[in-house]
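The structure appears right after this line, and notes come after that.
The values are calculated or read from the model by the stated rules, or taken from the named source; none is laboratory data. What you are looking at is a predicted structure, and each value in this text was computed from that prediction instead of being measured. So basically every Cβ, Gly included, is an ideal-geometry build from the backbone, and we count neighbours across all protein chains shown.
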């Protein structure tokens, strides 16, 4: 509802994308900060309390301080607060369950979070049909305070605690973070690695790229950069596009809800796809599907204005489905190529390039849409997706069959 709220305050698509870019810029250093703090403070409940209390207060402040300046500042602060419990949540799962149950526990945790996101969108759909949209911020605040109470009552710190170093080397936690992208992709990209790369690690990574030792992985990183650039370019301007096309608020919630539901289905059916056609084909086909959805959304914006809602109910759901499959399959591929070689550095590079794509895409999306039009923005997005596809195919060719990887 935040993009809609920006538009209600008199903002344009440029304001929406500027505020989104601020959010993206804050997320990554915040996740590094909270990862470090979590290591130094072994308690877990306090991080949940801080995150939920902060979100509740910020939602009320957004309702009271109705200006684009304050909204931008508060949205940046929201990014800082939201990631506070991320490392603690992943560590708490690992500390409170046996290792054999990690994968299923992470999956269940993420599924419940995503069902909560779908429920929130469903409430927003009904709410925006009968009640002023700005009051929805108060509802969000109340939900946050309910989470605060539940966290205070239910979250306990285990007798044995781990450090965030355990997260960097676990494909389970990487998959969990990427799975959580359904509810907040920008936050997830910021929490893949819990520390920044050192200058020495960047130099080593650069030398390995020049030497060709990491060619397949390097192409995988670049493909992710262009994918996230394309993704942010489209998604950041998507709600303003629907609003400008005359789609009512409740229908916008419905479009987003459809996308979230199909993403949940995609994540739950990932194993079926990878077993039948493999990780590489799953990733490649998902990029093709995402690019086609983007292109057709652009076509609907230009030529099928009377059918925008019907087209986007279908196309944006397909796009969400494809995005979920891409996220999952490429994360599995990434870990299958890491082996024991500088995992933290490689994950840091992957995170940095993906996050950079998000920041750049969200920053330029508004100006492109405002000055050149939404159809051009979506067309450029689909072309960047084609580039991501070509690089991804090159990455899989360089990596070779799964059994030949390190």
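Couple of notes before you dig in:
- Test: residue 232 is modelled with pLDDT of 70 or more, over 22 Å from residue 111 (Cβ atoms) and buried (at least 24 other Cβ atoms within 10 Å of the Cβ): yes
- Among the residues making up the range 139-151, those that are surrounded by 14 or more Cβ atoms within 10 Å (Cβ to Cβ) and either out of contact with any helix residue (DSSP H, G or I) (no Cβ under 6 Å at 6 or more places or on another chain) or not in a helix (DSSP H, G or I) (or both) are 139, 143.
- Residue in the range 40-54 that is surrounded by fewer than 23 Cβ atoms within 10 Å (Cβ to Cβ), more than 23 Å from residue 106 (Cα to Cα) and touching a helix residue (DSSP H, G or I) at 6+ places or on another chain (Cβ under 8 Å) present: yes
- Pair list, Cβ < 7 Å and 6+ apart or interchain, from the range 313-340 residues that are farther than 23 Å from residue 297 by Cβ to residues that are surrounded by fewer than 18 Cβ atoms within 10 Å (Cβ to Cβ) and modelled with pLDDT under 75: 335/171; 336/402; 336/405; 337/405; 337/406; 339/406
- Qualifying residue in the range 205-215 (condition: more than 22 Å from residue 16 (Cα to Cα) and either at pLDDT 85 or above or crowded, with 24+ Cβ neighbours inside 10 Å (or both)): no
- Residue within the range 37-57 that is under 20 Å from residue 235 (Cα atoms), modelled with pLDDT under 90 and either in a helix (DSSP H, G or I) or in contact with a strand residue (DSSP E or B) (Cβ under 7 Å, 6 or more places away or on another chain) (or both) present: no
- Qualifying residue in the range 184-193 (condition: modelled with pLDDT of 50 or more, touching a helix residue (DSSP H, G or I) at 6+ places or on another chain (Cβ under 6 Å) and buried (at least 21 other Cβ atoms within 10 Å of the Cβ)): no
- Hey, residue 4 touching a helix residue (DSSP H, G or I) at 6+ places or on another chain (Cβ under 9 Å) and free of Cβ contacts under 8 Å to residues at least 40 places away in the same chain or not: no
- One residue from 325, 315 being within 19 Å of residue 260 (Cα to Cα), modelled with pLDDT of 85 or more and either in contact with a helix residue (DSSP H, G or I) (Cβ under 7 Å, 6 or more places away or on another chain) or in a helix (DSSP H, G or I) (or both): 315
- Subset of the range 252-274 that is touching a helix residue (DSSP H, G or I) at 6+ places or on another chain (Cβ under 9 Å) and free of Cβ contacts under 8 Å to residues at least 60 places away in the same chain - its residue that is nearest to residue 373 (Cα to Cα): 265
Yes or no, residue by residue, for (1) surrounded by fewer than 23 Cβ atoms within 10 Å (Cβ to Cβ); (2) outside any helix (DSSP H, G or I); (3) at pLDDT below 85; (4) at positive phi:
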| position | (1), (2), (3), (4) |
| --- | --- |
| 336 | yes, no, yes, no |
| 348 | no, no, yes, no |
| 358 | no, no, yes, no |
| 364 | yes, no, no, no |
| 375 | yes, no, no, no |
| 386 | yes, no, no, no |
| 393 | yes, no, no, no |
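- Only one of the listed residues (247, 299, 288, 284) is modelled with pLDDT of 90 or more and either in contact with a strand residue (DSSP E or B) (Cβ under 8 Å, 6 or more places away or on another chain) or surrounded by fewer than 20 Cβ atoms within 10 Å (Cβ to Cβ) (or both). That residue is 288.
- Any hit, the range 112-132, residues being assigned to a helix (DSSP H, G or I), more than 29 Å from residue 266 (Cβ to Cβ) and over 23 Å from the mean Cα position of the chain (by Cα): yes
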